[in-house]
1. Here are some residues: 46, 34, 71. Which one is within 15 Å of the chain's Cα centre (by Cα), under 22 Å from residue 203 (Cβ atoms) and surrounded by fewer than 17 Cβ atoms within 10 Å (Cβ to Cβ)?
2. Being on the phi < 0 side of the Ramachandran plot, at pLDDT 95 or above and assigned to a loop (DSSP other than H, G, I, E, B) is the requirement here; does residue 45 meet it?
3. Kindly indicate whether any position in the range 69-78 is under 20 Å from residue 139 (Cα atoms), part of a helix (DSSP H, G or I) and without any contact (Cβ under 8 Å) to a residue 60 or more places away in the chain.
4. Looking at the range 104-215, what strands (runs of 3 or more DSSP E) fall wholly within it and have at least 3 residues that are surrounded by 12 or more Cβ atoms within 10 Å (Cβ to Cβ)?
5. Of the residues 15, 24, which is outside any strand (DSSP E or B), touching a helix residue (DSSP H, G or I) at 6+ places or on another chain (Cβ under 8 Å), closer than 20 Å to residue 182 by Cα and at pLDDT below 95?
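The values are calculated or read from the model by the stated rules, or taken from the named source; none is laboratory data. Remember, predicted model here, so these are calculated numbers, not experimental data. For neighbour counting, all protein chains shown are included, and Cβ atoms are generated from backbone atoms with ideal geometry for every residue, glycine included.
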């Protein structure tokens, strides 16, 4: 075992920054916005990064990766990706996904479960046009998740695209956004003695119902 793992195995960190009391928001989107805004204002690194977990329906294999929250609109969490990537293949087969935001400096996590679906193409167009030119070219250059002969091949493709698109770059059809409509939230706040606060919101007949669960 790594010497660092040996040290970390025996390290017992306590959590005592905050608590979830009875004044906690009764609406999960309001609670999320408050926590997210606080993570941003307290300079947490990449506060909009979250782990997205999808499941391949053929072999029931979960896969996780870090993506970035770009919008929260109409009660959906929006991220952008290549529609031909492995994550998109999974979502096309099984729209059920989970999200995990983790802000270690605040000793907080938010777990979200829901259904993912493509957002309207005009919304993807609008976001794509706001991206830096280099990112727009990168979206065209990458056959995301597919085999790559060499790094040289990718870099040459990028050079060819720079010549193909000397000015405005249109969004490729294979790239765009997904919106995740939540069905369950869990807000986790670290507490002393590992007796963490956990508040769950679940949707029942279009209403959000909350309760605590054991740490």
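1. 71
2. Judged against the criteria, residue 45 is a match.
3. no
4. Per the criteria, 108-118, 175-189, 197-204.
5. 24
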